[in-house]
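The values are calculated or read from the model by the stated rules, or taken from the named source; none is laboratory data. Small disclaimer: the values here were computed from a predicted structure and weren't measured. Here the Cβ positions follow ideal geometry from the backbone for every residue, glycine too, while neighbour counts run over all protein chains shown. The accessibility values were calculated without ligands, DNA or RNA, using every heavy atom of the protein model including side chains. Shrake-Rupley method; radii C 1.70, N 1.55, O 1.52, S 1.80 Å.
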Amino acid sequence: MRRTILSLLVALSAVGIATATTPNKIVIPDIEGYKTLKGDFHIHTVFSDATVWPTTRVQEALWEGLDVIAITDHVDSRLQKQVKAGLFNAEKCDRDRSYKIAKKAAGKDLLVIHGGEISRGMPPGHWNCLFVSDCNKICEKAEQFNDDNFKAAQAGLKEAHAQGGFTMWNHPNWETQAPNETKWWKEHEKLCKAGYMQGIEVYNKFCGYSPEAHKWALERGLTMFANSDCHTPFFHMIDYMNGQHRPVTLVFAKERTEVSVREALEAGRTAAFAEDMVYGREDMLRPLFEACVKVENVKFTDNRISFTLVNKSCIPIRLRKAAGSEKYRYVRNYELRPFETISVKVCPILVDNKSQKFDTDAVDVNFVAETFQIGPDTPLPVTFNFKR
């Protein structure tokens, strides 16, 4: 019996050690002038069609090192589900309760944004409303037009904006509503021109990266998001034991406050980090790359430049030799794994199989960062400058 208990304690201890050392924290350095906040602005709870309590969403976010989340339960479809689950009777249903519970549980450890999701057929699809004050009113306005998806969404979005909300189009490439193509409908053009489309998901966990959404965001000045849209416990969808992370929106904010998050979203200072890739605008991804990758230990001689690259983040960095460095020879492809340091050697090309000397005191070593996409199929150009 004693041996059995001892074996059990050892096994439990091993599980604890494995859990404690699981690489679950999302670590991204600050960029110059701003704090890099990690956020998930599209998650659900048992108060709509998910399976977890709001406090669990807070605990999961803290475990992964997030700074901000938005509880975005479905405002216009969850009443029946709540009543059926026995959570409320129809008269006392409060579409803001999941936010209130999460906000109280988070305290000062996590920013919790008040939000909700308007869920309609295509067009115009599903929409998240962030920084709102009353999801019950949004539902009330939308449900006045239950027979017309566009008018219902438009009414709900109008109410969200009246409350000072920030709205975004969710998962435009979701195969249920876009089975053959990701399309920009005339209804989306109307909502965009009315100011009701301020952001767009370029990545959603259930349907992946949308190059069309990335393109539209660049063309129309929409704020880019990567979100989980999680309905189950996160360990059901994310393989933490193998170092995976949930998709997150990187918010480059002046401070770690709700006001600063809102200001950053309105200014479009975000990037989408998902499945080891970063998507965004060049003016955001360039300072992010420079914060993540540091050049150290530089040695410049007549016929060699050697240096080390240090990855300060959990983002894998894949570098590929780019145009402009044809006179120099160096390994054409590098992978700089999270928190890894690698050595790089650059030499002049051989002539007649003989070593040469650099013919200049300033050398540009050019790459593209394949894991930093500034547009569909467009990696970020990167140049390391060296002077003798």
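In nm, what is the difference between 0.36 nm times the number of residues separating Q163 and T257 and their Cα-Cα distance? Present the calculation step by step, with values, prior to reporting the outcome.
Values: separation 94, 0.36 × 94 = 33.84 nm, distance 1.93 nm.
Contour length minus the Cα-Cα distance gives 31.9 nm.
Could you give the size of the charge dipole of the chain about its Cα centre, using +1 on the Cβ of each K and R and -1 on the Cβ of each D and E, expressed in debye and rounded to the nearest 20?
Working: 51 positive and 49 negative charges, 206 e Å.
Roughly 980 debye, rounded to the nearest 20.
Where the centroid of each part is defined by its Cα atoms, how far is the range 193-249 from the range 283-328 in Å?
For the range 193-249 versus the range 283-328, the Cα centre distance is 28 Å.
Give me a comma-separated list of calculated 3J(HN,Hα) values for the range 184-201, in order, Karplus coefficients 6.51, -1.76, 1.60 applied at θ = phi - 60°, integers in Hz, x for any Gly or Pro.
So the Karplus estimates, Gly and Pro as x, are 9, 7, 4, 5, 5, 4, 5, 5, 5, 5, 6, x, 8, 10, 9, x, 8, 7 Hz.
What is the chain's relative contact order, in percent, from Cα pairs under 8 angstrom and six or more apart in sequence?
On the way: 839 pairs, mean separation 54.3, N = 388.
Averaging sequence separation for qualifying contacts and normalising by length gives 14 percent for the chain.
What percent do you get for the relative contact order of the range 301-367 when only Cα pairs under 8 Å and 6+ apart count?
Working: 117 pairs, mean separation 28.0, N = 67.
Computed over the range 301-367, the figure is 42 percent.
Pairs of Cα atoms under 8 Å, at least six residues apart: use those to get the relative contact order of the range 337-388, whole percent. It would help to have the intermediate numbers written out before the result.
Numbers: 47 pairs, mean separation 14.7, N = 52.
Relative contact order of the range 337-388: 28 percent.
For T378 paired with R337, estimate the spin-label separation in nm (one decimal), with each label point 7 Å from Cα along the Cα-to-Cβ line.
About 3.3 nm, to one decimal.
Summarise the accessible area of the chain (1.4 Å probe, protein heavy atoms) by the percent that is carbon and sulfur. Walk me through the intermediate numbers first.
Details: 9160 of 18170 Å².
The value for the chain is 50 percent carbon and sulfur by accessible area.
Expressed as an acute angle from 0 to 90° and rounded to the nearest 10, what is the orientation of the C-alpha long axis of helix 97-106 relative to the principal long axis of the chain?
50
Positive end of the charge dipole of the chain (Lys, Arg +1 and Asp, Glu -1 on Cβ, about the Cα centre): tell me which of F300, L218, P287 has its Cα farthest that way.
In the chain, that residue is F300.
Identify all lysines with a Cα-Cα distance to K137 below 26 Å; exclude those on the same chain that are fewer than 8 residues away in sequence.
Candidates past the 8-residue exclusion: K81, K84, K92, K100, K103, K104, K151, K158, K190, K193.
Give the distance, in whole Å, between the Cα centre of the range 28-63 and the Cα centre of the range 336-352.
Comparing the Cα centres of the range 28-63 and the range 336-352, I get a distance of 38 Å.
What net charge do the residues around M197 carry, taking every other residue with its C-beta under 10 Å from that of M197, with Lys and Arg at +1 and Asp and Glu at -1?
Working: positive: K190, K193, R220; negative: E189.
Net local charge, M197 excluded: +2.
Can you pull the accessible area of K35 for me, 1.4 Å probe, Å² to the nearest 10?
Approximately 90 Å² for this residue.
Full-extension gain between T301 and W185, please, as 0.36 nm times their residue separation minus the C-alpha to C-alpha distance. Walk me through the numbers before you get to the answer.
Numbers: separation 116, 0.36 × 116 = 41.76 nm, distance 5.87 nm.
Gain in length upon complete extension: 35.9 nm.
One-quarter of the Cα convex hull surface for the range 135-233, in nm²?
Details: hull surface 28.0 nm².
Across all orientations, the range 135-233 yields a mean hull projection of 7.0 nm².
Taking 0.36 nm per intervening residue step and subtracting the Cα-Cα distance, what contour gain separates M241 from Y330 on full extension?
So the extension gain works out to 28.6 nm.
Within the range 251-372, how many Lys pairs sit with Cα atoms under 26 Å apart, leaving out pairs fewer than 8 places apart on the same chain?
Lysine pairs meeting both conditions in the range 251-372 amount to 22.
At a Cα cut-off below 22 Å, give the lysines reachable from K205, other chains included and same-chain residues fewer than 8 away excluded.
Qualifying lysines at Cα under 22 Å: K25, K38, K183, K215.
Determine ³J(HN,Hα), in whole Hz, for all residues of the range 219-234 in sequence, where each value follows from phi through the Karplus function 6.51 cos²θ - 1.76 cosθ + 1.60 and θ = phi - 60°; x replaces Gly and Pro.
6, 10, x, 8, 6, 8, 10, 10, 9, 8, 6, 6, 10, 10, x, 4
Of N333, S119, Q373, which is farthest on the positive side of the dipole of the chain, counting Cα position, with +1 on Lys and Arg Cβ, -1 on Asp and Glu Cβ, and the Cα centre as origin?
N333
Report the net charge of residues surrounding Q356, where surrounding means a beta-carbon distance below 12 angstrom and charges are Lys +1, Arg +1, Asp -1, Glu -1.
Details: positive: R304, K327, R329, K354, K357; negative: D302, D352, D359.
Counting the neighbours of Q356, the net charge comes to +2.
Students often check this: by mean Cβ neighbours within 10 Å, which of 351-362, 138-149 ranks highest, and how do the rest follow?
Values: 351-362: 9.8, 138-149: 17.1.
Answer by packing, highest mean first, reads 138-149, 351-362.
Given a 1.4 Å probe, how much area per residue of the chain is accessible, in Å²? Kindly include the intermediate steps, with their values, before the conclusion.
On the way: 18170 Å² over 388 residues.
Using a 1.4 Å probe on heavy atoms only, each residue of the chain averages 47 Å².
Taking θ as phi - 60°, what are the ³J(HN,Hα) couplings along the range 60-65 by the Karplus curve (6.51, -1.76, 1.60), each to the nearest whole Hz, with x for Gly and Pro?
4, 5, 5, 5, 8, x
Work out the P(r) tail for the chain: percent of alpha carbon pairs separated by more than 42 Å, whole number. Walk me through the numbers on the way to the answer.
Numbers: 16948 of 75078 pairs.
Percent of Cα pairs beyond 42 Å in the chain: 23.
Whose amide H sits under 5 Å from the amide H of W53, counting only residues 5 or more places off or on another chain, with H placed in the peptide plane?
V46
Could you list which residues have their amide H under 5 Å from that of R329, counting only those 5 or more apart in sequence or on another chain, with H placed in the peptide plane?
Close amide H contacts, sequence-distant or interchain: C347, I349.
As a test of the formula, what do you get for the chain when each DSSP H run with n ≥ 4 contributes -39,500 (n - 2.57) and the sum is divided by the residue count, at 222 nm and rounded to the nearest 500 deg cm²/dmol?
Details: 10 runs with 106 residues, N = 388.
Helix contribution divided over all residues of the chain: -8000 deg cm²/dmol.
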